[in-house]
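Asks: I'd like to ask some things about the structure below.
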Amino acid sequence: MHIKSRLAPGTVYLGKVPTLSKGAKQRLKWMDYYGAHKRNAALTCRYFGISRQTFYRWQRRYDPHRLVTLEDRGHRPRRVRQPTWTPALAVAVRVLREENPRWGKDKLTRLVRAHGWAVSVSMVGRILTHLRSSGQLRETRAPGVTVLRRPLVRPYATRKPKEYVPHLPGDLVQVDTVDLRPLPGVVLKHFTAIDVVSRWDVLRVGTQATAAAATRFLDDLQSRMPFPIRAIQIDGGSEFMAGFEAACQQRGIRLFVLPPRSPKLNGCVERANRTHREEFWDCYDGELDVASAQAALLAWEHRYNTVRPHQALGYLTPLQYLQQQQLTRKEQSVTDHLNEYTSLT
């Protein structure tokens, strides 16, 4: 009995066609294009935008009867590093880790050495990794205990209502502090207040950012801003609590406090802090005592409000913007205050 093959002469049995990855399919297109264009490697490389070195490397690997040759090979080294520790050392590390599940490799190394083993920190780390990957060490997880913190109740400050939108100068003044360390051992506290409508700034520098210092800065705001202050917005810093909060309440100034981790809501004063740092403090070369720094800062404040154009105001100065608005203060007219301020230039 003769059994004849169903395959035609010259054909090769390919078996099950493998599923190729995206990269292998692309390389198969290279080879098909190469064969269909008279085996022109230069033309193929230009068409697909690949280098000849890459094309020839895959051409050498390519076997038309085994398309898997177009798949990426593993990058694992042929010879991998073998463990150099003994089983007894691995047991010792496992026992100590199970006794101290929250200790890392640095602390465990001290204990292992105390037991007479000469071992490095990196080796203990590799042993821990091996024990975890092999299932010999099961890490304990925290039971998910959370600490309930009692919410801080502010006696006067509140969140700014969404419907509160500033329209006039004084409707909302943002206040913030910056920690300055120009030299080792020298710490200065920079206070900034900016009116979000007119961009009028009031500045102060000191050595402490306390509630008492913030209250004195509040006095500066009311004396150097040419309009009544109706609301102040602050972050949750301790300097804006206690005496400062009580002073705002006594003076009838609304006090808005930001939610935690929300400096973007005080964007005007944050941007002003950057301007004062780049245009004043980075250029300041005077003495670093408070008296000298405050005198120079007051001169910069005057220049900032009366000379420096502000892009947010259409390249007007805050002074020019207020002169156009022709606003009045409760105690005295803005015109008198601005004329007095202009006379200083």
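Asks: Go through the residues of the stretch 84-107 one by one and say whether even a single one is at pLDDT 85 or above, exposed (fewer than 13 other Cβ atoms within 10 Å of the Cβ) and part of a loop (DSSP other than H, G, I, E, B).
Replies: There is at least one residue in the stretch 84-107 that is at pLDDT 85 or above, exposed (fewer than 13 other Cβ atoms within 10 Å of the Cβ) and part of a loop (DSSP other than H, G, I, E, B).
Asks: Tell me, which residue of the stretch 246-255 that is surrounded by fewer than 20 Cβ atoms within 10 Å (Cβ to Cβ) and touching a strand residue (DSSP E or B) at 6+ places or on another chain (Cβ under 9 Å) is nearest to P166 (Cα to Cα)?
Replies: This residue is R254.
Asks: Out of everything in the stretch 125-138 that is among the charged types (D, E, K, R) and surrounded by 11 or more Cβ atoms within 10 Å (Cβ to Cβ), what residue ends up being modelled with the highest pLDDT? Lay out the reasoning, then the answer.
Replies: Residues of the stretch 125-138 that are among the charged types (D, E, K, R), as a first pass: 126, 132, 138.
Checking the rest, the ones that are also surrounded by 11 or more Cβ atoms within 10 Å (Cβ to Cβ) come to 126, 132.
Values: R126: 93, R132: 90.
Out of the qualifying residues, it is R126.
Asks: Next question, about the same structure. Return the total of residues in the stretch 271-298 being assigned to a helix (DSSP H, G or I) and charged (D, E, K, R).
Replies: Initially, the stretch 271-298 is screened for residues assigned to a helix (DSSP H, G or I), giving 271-281, 290-298.
Checking the rest, the ones that are also charged (D, E, K, R) come to 271, 274, 277-279.
Matching residues across the stretch 271-298 total 5.
Asks: Quick one: in the stretch 210-235, which of the residues that are more than 12 Å from T177 (Cβ to Cβ) and within 31 Å of the chain's Cα centre (by Cα) is surrounded by the most Cβ atoms within 10 Å (Cβ to Cβ)?
Replies: Of all residues in the stretch 210-235, those more than 12 Å from T177 (Cβ to Cβ) come to 212, 215-216, 218-233.
If we keep only those that are within 31 Å of the chain's Cα centre (by Cα) as well, we get 231-233.
Working: A231: 18, I232: 21, Q233: 24.
Looking at the filtered set, the residue picked out is Q233.
Asks: For the stretch 208-237, enumerate the residues that are touching a residue at least 60 places away in the same chain (Cβ under 8 Å) and touching a helix residue (DSSP H, G or I) at 6+ places or on another chain (Cβ under 6 Å).
Replies: P226, I234, listed by residue number.
Asks: Here's another thing I want to ask about it. So, L218, is that one over 17 Å from P155 (Cα atoms), assigned by TED's automatic domain parsing to the domain that holds Y284 and in contact with a strand residue (DSSP E or B) (Cβ under 9 Å, 6 or more places away or on another chain) or not?
Replies: Against the criterion (over 17 Å from P155 (Cα atoms), assigned by TED's automatic domain parsing to the domain that holds Y284 and in contact with a strand residue (DSSP E or B) (Cβ under 9 Å, 6 or more places away or on another chain)), L218 qualifies.
Asks: Follow-up question, since we're still on this one. Restricting to the stretch 186-202, what's the tally of residues that are in contact with a strand residue (DSSP E or B) (Cβ under 7 Å, 6 or more places away or on another chain) and farther than 18 Å from L172 by Cβ?
Replies: 4
Asks: Among the residues of the stretch 50-102, write down those that are aromatic (F, W, Y) and within 24 Å of G125 (Cα to Cα). If you could, list the steps in order and put the result at the bottom.
Replies: Residues of the stretch 50-102 that are aromatic (F, W, Y), as a first pass: 55-56, 58, 62, 85.
Within the stretch 50-102, W85 is the sole residue that qualifies.
Asks: Spot the failing condition for R199; the list is (1) at pLDDT below 90; (2) closer than 20 Å to A299 by Cα, and only one is missed.
Replies: Failing condition for R199: (1).
Asks: Consider only pairs whose beta carbons are under 8 Å apart and that are at least six residues apart or on different chains; among these, list those whose first residue lies in the stretch 99-123 and is more than 19 Å from R138 (Cα to Cα) and aromatic (F, W, Y) and whose second residue is in a loop (DSSP other than H, G, I, E, B) and at pLDDT below 85.
Replies: Pairs found: none.
Asks: Just to check your reading of the model, which residue among Q59, Q53 is surrounded by 14 or more Cβ atoms within 10 Å (Cβ to Cβ) and more than 30 Å from A114 (Cβ to Cβ)? Lay out the reasoning, then the answer.
Replies: Details: Q53 fails: surrounded by 14 or more Cβ atoms within 10 Å (Cβ to Cβ).
Result of the check over Q59, Q53: Q59.
Asks: Within the stretch 26-41, does at least one residue satisfy the condition of being under 42 Å from the mean Cα position of the chain (by Cα) and without any contact (Cβ under 8 Å) to a residue 24 or more places away in the chain? Even if it seems obvious, please write down each step before you answer.
Replies: Taking the stretch 26-41 and keeping what is under 42 Å from the mean Cα position of the chain (by Cα), we get 26-27.
When the remaining residues are screened for being without any contact (Cβ under 8 Å) to a residue 24 or more places away in the chain, the result is 26.
Yes: one or more hits.
Rundown of residues vs (1) at positive phi; (2) in contact with a Gly (Cβ under 6 Å, 6 or more places away or on another chain); (3) at pLDDT below 90, yes/no style:
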{"residue": "R6", "(1), (2), (3)": "no, no, yes"}
{"residue": "L14", "(1), (2), (3)": "no, no, yes"}
{"residue": "Y34", "(1), (2), (3)": "no, no, no"}
{"residue": "R39", "(1), (2), (3)": "yes, no, no"}
{"residue": "Q53", "(1), (2), (3)": "no, no, no"}
{"residue": "R57", "(1), (2), (3)": "no, no, no"}
{"residue": "R73", "(1), (2), (3)": "no, no, yes"}
{"residue": "R78", "(1), (2), (3)": "no, no, yes"}
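The values are calculated or read from the model by the stated rules, or taken from the named source; none is laboratory data. None of these values were measured; they are calculated from a predicted model. In this analysis, Cβ positions are derived from the backbone assuming ideal geometry, glycine residues included, and neighbour counts consider all displayed protein chains.
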